[in-house]
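Here the structure comes first, spelled out in structure tokens, and everything after it is commentary.
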Amino acid sequence: MRRLVGLPLAALLALVLLIAGTAAAADTQIPLTIEKNQFQPSEVKVKANAPFVLVITNKNPKAAEFESKDLRVEKVVPAGKTVNVRIRALKPGTYAFFDDFNQQTTGRIVAE
Amino acid sequence: MGGPFVVTLREGFEAALILGIVYTYLQKIGAERQYHYVTRGGVLGVLASIALGVLVTVLSGPLLDLGPDVIGLGVIFVAVVVLTWHGYWMQQHARAVKGEVQRRIDEAQASHRLWIVGVLAFTGVFREGAETVLFLWGLMTQAASPSGWTSAAGAFLGLAMAATLGWGIFRSGRHISLQRFFAVTSVFLLFLAAGLFSTGVGRLEAMGFLPQTPTAWDTSFILDDHGFVGGFLNGLVGYRARPSVLEAGSYLFYLLVAGALLFGPRPSKPRSREPRGRIPAHAA
């Protein structure tokens, strides 16, 4: 059993280092705030075909989950915390996102 | 109240299904004494979920940015491996047990390492667990206000409902024949694992570790995978309203490969060796 647990753990560690390495690359940072159950701004404009980092700050008193089916991202943002979400280069278009813990809270990314 | 109810029901449903199935499975093979593997796995899953929930609220910086993603990915792929293994094993047994004969399979405990079902229970609970913990925690901090209270109550009702469904599976599963139970659940677990595998591949794709592929189809106008029905189908068989080509392809790939492994021709021990109608003494 120990071997079965150790192998995935080692793989995970390697993956963390890999992701940490790629995330360190200086991408454009785009702030996004969750406040009073709304995304600020609710429409995020980004350059198409260039990766960027969404810097999501949750100013609500409860946890939120930034989620986008279009982007295949699911990310918990605890109350009062800031989380960086790296988004890969997008083709021109509109990409919807929402707070999975409070689904009326929605927004979208417009890549152009 | 409705929203939180649906969220926790959805999050808890998969865990309840898996727990219901593995408990029934142990009961079917006459290994009730091994329930503790499942119970321990489930309890560890809950504890790990709480720990991760707390950790996430304490952490900040790169650990908060990447930690949960990496753990999430790890859990998904471990779950796929364990589900495949278990499904394969169950299918072998469904074949070995001929006719409607219910009997104890003593060899089961020897040939199938039963702690696997513990791992299955653990991943089933832990996969959506931390998220649920954070969701509930957020609701409870607001439970003082009347609307906050109904939200929190709704969320706990959702969990209770999920648990009831799991229990229902256990209760009704006991009356199904062993062979049918094995056959049905191994098909179900196959689809569940295919959905998980495709989700994991989709995450890797979003993170940039796999090439980006266009959207394969868009059925969100018919059945959104975040609605009530679509959400359940998503949890059950991995339904996606807007999958990428890679996600849809990996789903199909898994189904074909694991399906061939589970239901394809048996590589060794040809069936013809046993006369038809007779129950082999040592079928396992």
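Collect residues whose amide H, placed 1.01 Å from N in the peptide plane, falls under 5 Å from the amide H of B:Ala216; neighbours closer than 5 in sequence don't count. Excluding prolines and chain starts, which carry no amide H, the hits are B:Ser244, B:Val245. Other protein chain C-beta atoms within 10 Å of residue C-beta, averaged over B:120-126: 0. Structure note, pairs A:Lys36/A:Lys81; A:Lys59/A:Lys91; A:Lys47/A:Lys81: Cα-Cα distances above 24 angstrom occur for A:Lys59/A:Lys91; A:Lys47/A:Lys81.
A Förster radius of 30 Å, combined with the Cβ-Cβ distance separating A:Asn37 from B:Trp85, puts the computed FRET efficiency at roughly 0.10.
Rounded to 0.05, the FRET efficiency of the A:Lys47 and B:Thr164 pair, given R0 = 51 Å and the Cβ-Cβ distance, is 0.55.
Between B:Ile222 and B:Leu210, what length in nm is gained on full extension when 0.36 nm per residue of separation is reduced by their alpha carbon distance?
On the way: separation 12, 0.36 × 12 = 4.32 nm, distance 2.89 nm.
Extending this stretch completely gives an extra 1.4 nm.
For B:Val257 and B:Arg113, the difference between the fully extended length at 0.36 nm per residue and the C-alpha to C-alpha distance is 49.5 nm. Set the Förster distance to 22 Å, then compute FRET efficiency between B:Val54 and B:Met140 from the Cβ-Cβ distance, nearest 0.05. That pair, B:Val54 with B:Met140, gives E of 0.95. Averaged over the residues of peptide B:197-206, the number of Cβ atoms from other protein chains lying within 10 Å of each residue's Cβ is 2.
With θ taken as phi - 60° and the Karplus curve 6.51 cos²θ - 1.76 cosθ + 1.60 applied, the whole-hertz 3J(HN,Hα) list for segment B:219-224 is 10, 5, 6, 8, 9, 6 Hz, x standing for glycine and proline.
Taken one residue at a time, the phi angles of segment A:98-112 give Karplus couplings (6.51, -1.76, 1.60, θ = phi - 60°) of 7, 9, 5, 8, 7, 6, 6, 7, 10, x, 8, 9, 10, 9, 8 Hz. Gly and Pro are set to x.
Per the Debye calculation on chain B with a single equal scatterer at every Cα and no solvent contribution, log₁₀ I(q)/I(0) for q = 0.08, 0.10, 0.12, 0.13 Å⁻¹ amounts to -0.38, -0.59, -0.83, -0.96.
Separation between the B:Val184 and B:Leu63 pseudo-spin-labels, each 7 Å from Cα along Cα→Cβ, expressed in nm? It works out to 4.6 nm between the two label points.
Residues B:Val46, B:Val117, ranked from the fewest to the most other C-beta atoms within 10 Å, line up as B:Val46, B:Val117.
For segment A:28-111, the relative contact order comes to 34 percent (Cα pairs under 8 Å, sequence separation of at least 6).
Taking the DSSP bridge list for segment A:28-111 and keeping only pairs wholly inside it, about 65 percent are antiparallel.
Within the listed set B:Val184, B:Val245, B:Val58, the residue fluctuating most in the Gaussian network model of chain B (springs between alpha-carbon atoms under 10 angstrom) is B:Val58. When the inverse distances between all different Cα atoms of segment A:28-111 are averaged and flipped, the Kirkwood radius reads 12.4 angstrom. Counting Cβ atoms of other protein chains within 10 Å of each residue's Cβ and taking the mean over peptide B:61-73 gives 6. Think of it as helices only: each DSSP H run of n ≥ 4 in chain B is worth -39500 (n - 2.57), and spread over all residues that comes to -25500 deg cm²/dmol at 222 nm.
None of the figures in this text is laboratory data; all of them are computed from the coordinates on show. Bear in mind the structure is a predicted one, so any value in this text is a computation, not a measurement. Cβ: placed from backbone, ideal geometry, glycine included. Neighbour counts: every protein chain shown.
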